[in-house]
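To keep things clear, I will list the structure first and then write my remarks on it.
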Amino acid sequence: MTALSDRAVPDDATLREVALTRDEYHLAFDLLDRAPNAVELGIIGGMWSEHCGYKHSRPLLRRFPGTGPHVLIGPGQENAGAVDIGDGLAIVMKVESHNHPSAVEPFQGAATGVGGILRDIFTMGARPIAILDSLRFGSLDDARSRFLANGVVGGIAWYGNCVGVPTVGGEIQVAPCYAGNPLVNAMCAGLIRHEDLTSAAASGAGNPLILVGTDTGRDGIHGATFASVEDPEASHRGVVQVGNPFMEKLLLEACLEALRTGGVAGLQDLGATGLTSATIEAAERGGCGVTIDVARVSRRADRMTPYEVMLSESQERMLVVAHAGREDEVRAVFTKWGLHSDVIGHVADGHDVRVTEGSVEVAQLPVSMLADAPTYEFPVERPAYLDEVQELNVDEIPEPEDLSETLLTMVASPNIASRRGVYRQYDHMVGTHTIGPPGGDAAVMRIKGTDRAVALCTDGNARHCYLDPFHGGAMAVAEAARNVSCTGATPLAITNCLNFGSPEDPAVYYQLARVIDGMTAACETLGTPVISGNVSLYNESGDQAVWPTPVVGMLGLLEQADATLGIGFGAEGHVVGLLGDATPALDGSEYLAVIHGQVAGAPTIDLDAELAVQSVLRDLIQAGLLVSAHDCSDGGLAVAVAESAFAGGIGVDLDPESIHEREDVALFGEAPSRIVISATAAAWPEVKRHAEAAGVAARRLGRVGGDRLRIGPIDIALDEAYRAWDQGLDAALAGRQPNG
């Protein structure tokens, strides 16, 4: 073995470009027993990057439960997970991040994030039926944050609308910590029959590898390594990919048709590190080797080097593994759809990836070495900042004199105000699976040809995770499940995206480990295994990391699509009630942040109580006893009631005696495991009896009716409150005051 002193180590700039440390370079040298050449160094750096190799998170991710009675394909097995929904059908789903590219070029960064998650779904043979997003930006008082937010929303709308897949739900949150590093997470769900599920494995020595789609260019080179270092704004625009949704639509339809020929042995999309990860991951899954000739790759840029071809992240490309002798048949399908295809190599005996340029070998590396990035584990030590931020003395928080004005301020704040200005840019009905418009707790998608529907949502409260990572992680899963349950659906499984700062910071590593522990506890209690996901680390700008932001994509199943419930109050005289008796508190609340400018406290959750409340809710919906159900979360009881009134277009009058404790805490304090419900006056006694028989509190709050919001001391005209809520986010994104 060559001594360290005898090794010519690349300079710091070269190592940083490929996101390798000096120790990792020495490890690669030892595994090869030689120095990697430039192409090999780029390949190793890409595959060992945090984005592809999960080197700081892989040991922690093993804690997640990944199996269950409905799970067909679990985490890490393929490009996405798959869940049985009955009748021989499955939902394939995954969520991924495109944070760093979106910080540099928000429109294309977000657009190509949508393109990438779509390919993860149809590479498994599933037809995408729904896109959701989860977005985080800095304060919208800042012009740069508004630019990023508007660009990201525009990119998502453009790509999804053009490719013809509905964007049906999502969430947007703002906080100062995201100013330099926005978070752009995209989720996709697809529908498929069990027998049509396709693997991304390359197997069968001699089977040809076919590269299909757009020609390869220089866009996106070092995209994966760029996403594995700090401060994305310090990088260059060249790492941001450029999307073409019309090409993606052709690619989608052509791939699904090619699969139906039976001539395809495997299918893999080209995402981070392009050909590098596509070929290596396919080879690793198939337990074989691959040979690629980069001279056969069609290009749209002159004089591209093998290094550039292997690491290009040009979009709208797929790697097809065809059965030997059927490549012409498969390629004919792509030609029919106007797509170019190149046979660029073949599956090989052995376990190496071999790259040539014509007859010249430019790289040869073991697949196992590349697919097994070095991992790192650190001590999980509670950071000192928690002692400071968890201190909260409610007696020192002044109570507002006018709680009506407080409600107006709350419903107009960007984290609560209507998202209509965003989702009206999205085509949410294309494909005609969608039941109802966006704006509810979860999107509901009809499964055509059956009586069933699925409910989908994305959720996550980073403020809770910052204040208490364990409970915050658990609450993210619980809220996502609660939102799905409010439609009447039974939660089945989750996909997640874990967005954190640098894992080399002990505080961030603690956050990551404890959030995962909390999510694990919630998944186990609620019966929602993790079937897929993504980890995005090094989300920071300057010396500020983002709050720990786990995003949960939840899938629920409705046996009867026409039994789904919305959040809107129904009619005059209906009873408004509250399921669950968790005590509201100001800890980590939106009210404390918006009205008092504080982020403090220690939010907690009782997972057994959460399970009981959700189970009773679904039973009540199935029995036809409820008119509406709405998760009581951000903004507390007053905001949840107001949102149900807005959705129903009718006022409400809550009995003053039902509001107790300190009024602002009761109205705007938050607690998990609470759901605002409504029922007819005739049904209410049975609602209360059924809930209490199951050990769940059901408290009558008042009645639906009139044209005012009367919630204890709050008394506002419904249309005045609606205007504040309806205009709040639009005004913030435009840089003006509501009504301005």
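The values are calculated or read from the model by the stated rules, or taken from the named source; none is laboratory data. Just so it is clear, the model here is predicted, and its values are computed rather than measured. FYI the Cβ positions are ideal-geometry reconstructions off the backbone, even for glycines, and counts take in every protein chain you see. Ligands, DNA and RNA are excluded from the accessible area calculation, which covers all protein heavy atoms including side chains. Shrake-Rupley method; radii C 1.70, N 1.55, O 1.52, S 1.80 Å.
Just check the stretch 267-359 against the gyration tensor rule for me: Cα atoms, a ≥ b ≥ c as the square roots of the eigenvalues, rounded for a/c under 1.5, and otherwise prolate or oblate depending on whether a/b exceeds b/c.
The shape class here is rounded.
Once a ≥ b ≥ c are taken as the square roots of the eigenvalues of the Cα gyration tensor of the stretch 561-656, is the result rounded (a/c under 1.5), prolate (a/b larger than b/c) or oblate (a/b not larger than b/c)?
Verdict is oblate for the stretch 561-656.
Computing the accessible area with a 1.4 Å probe over protein heavy atoms, can you report the carbon and sulfur percentage for the stretch 564-684?
Percent of accessible area from carbon and sulfur atoms in the stretch 564-684: 49.
Pull out the extension gain between K336 and Q425, defined as 0.36 nm times the separation in residues minus the alpha carbon to alpha carbon distance; nm, one decimal.
Fully extending the segment from K336 to Q425 adds 28.8 nm.
Could you work out how far apart the two model spin labels at E401 and R326 are, taking each label as a point 7 Å from the Cα in the direction of the beta carbon, and quote it in nm?
Spacing of the two 7 Å Cα→Cβ label points: 7.8 nm.
So how much slack lies between E504 and S368, counting 0.36 nm per residue of separation and subtracting their Cα-Cα distance, in nm?
The span from E504 to S368 would gain 46.4 nm if fully extended.
In debye, nearest 20: dipole of the chain around its Cα centre with unit charges on the Cβ of K, R (+) and D, E (-)?
Values: 51 positive and 98 negative charges, 440 e Å.
For the chain, the charge dipole is close to 2120 debye.
Beta carbons within 10 angstrom, averaged per residue: use that to sort the peptides 249-260, 109-120, 355-366, 552-563, highest first.
Going from most to least packed, we get 109-120, 552-563, 249-260, 355-366.
State, to one decimal in nm, how far the label point of D451 lies from the label point of L197, with both points 7 Å from Cα in the Cβ direction.
2.6 nm
Quick one: Karplus J couplings for the stretch 602-619, per residue in order, coefficients 6.51, -1.76, 1.60, θ = phi - 60°, nearest Hz, x for Gly and Pro?
Per residue, the Karplus-derived 3J(HN,Hα) values read 9, x, 9, 9, 9, 5, 5, 5, 4, 4, 5, 4, 5, 5, 5, 4, 5, 4 Hz.
Go through 694-701, 673-680, 11-18 and give me the packing order, highest mean Cβ count within 10 Å leading. Can you show the working numbers first?
Values: 694-701: 17.2, 673-680: 25.5, 11-18: 14.0.
Output ranking for 694-701, 673-680, 11-18: 673-680, 694-701, 11-18.
Using a 1.4 Å probe and counting only protein heavy atoms, arrange K94, K336, K448 so the residue with the most accessible area comes first.
Result, largest first: K336, K448, K94.
Whole number in Å², please: accessible area per residue of the stretch 383-438, 1.4 Å probe, ligands, DNA and RNA not counted.
Values: 2900 Å² over 56 residues.
For the stretch 383-438, the solvent-accessible area averages 52 Å² per residue.
Taking 0.36 nm per residue of sequence separation and subtracting the Cα-Cα distance, how much length would be gained by fully extending the chain between R62 and N37, in nm to one decimal?
Roughly 5.6 nm would be gained on extension.
How many angstrom lie between the Cα centre of the stretch 331-387 and the Cα centre of the stretch 532-601?
About 37 Å separates the Cα centre of the stretch 331-387 from the one of the stretch 532-601.
When we measure straight from the Cα of K55, which lysines land under 24 angstrom away, once same-chain ones fewer than 8 places off are left out?
Qualifying lysines at Cα under 24 Å: K94.
Determine, from the Cβ-Cβ distance of D581 and S359 and an R0 of 56 Å, the FRET efficiency 1/(1 + (r/R0)^6), rounded to the nearest 0.05.
0.15
Excluding residues fewer than 8 places away in the same chain, name every one of the lysines whose C-alpha is closer than 17 Å to that of K249.
K336
Give me the 1.4 Å probe accessible area per residue for the stretch 264-304, excluding ligands and nucleic acids, in Å².
For the stretch 264-304, the solvent-accessible area averages 31 Å² per residue.
With every protein chain left in place and a probe of 1.4 Å, what is the accessible surface of F107, to the nearest 10 Å²?
F107 has an accessible surface of roughly 70 Å² with all protein chains in place.
Along the Cα→Cβ direction, 7 angstrom out, place labels at T21 and D349. What is the inter-label distance in nm?
4.0 nm
Decide, for the stretch 382-519, between rounded, prolate and oblate: order the square roots of the alpha carbon gyration tensor eigenvalues as a ≥ b ≥ c, take rounded if a/c falls under 1.5, and otherwise choose prolate if a/b is larger than b/c, else oblate.
oblate
Looking at A363, C457, G735, which one has the Cα that reaches farthest to the positive end of the dipole of the chain (charges on Cβ: Lys, Arg +1; Asp, Glu -1)?
A363
Could you list which residues have their amide H under 5 Å from that of A348, counting only those 5 or more apart in sequence or on another chain, with H placed in the peptide plane?
Those lying under 5 Å, H to H, from A348 are G206, G289, V290, T291.
May I ask you to order 123-130, 321-328, 389-396, 267-274 by the average number of other C-beta atoms within 10 Å around their residues, highest value first?
267-274, 123-130, 321-328, 389-396
Computed FRET efficiency, Cβ-Cβ of Q390 and A205, R0 51 Å: what is it to the nearest 0.05?
Efficiency for this residue pair is about 0.30.
Would you work out which of V83, F29, I73 lies farthest towards the positive end of the dipole of the stretch 1-150? Charges go on Cβ: Lys and Arg +1, Asp and Glu -1.
Checking the options against the dipole of the stretch 1-150, the answer is V83.
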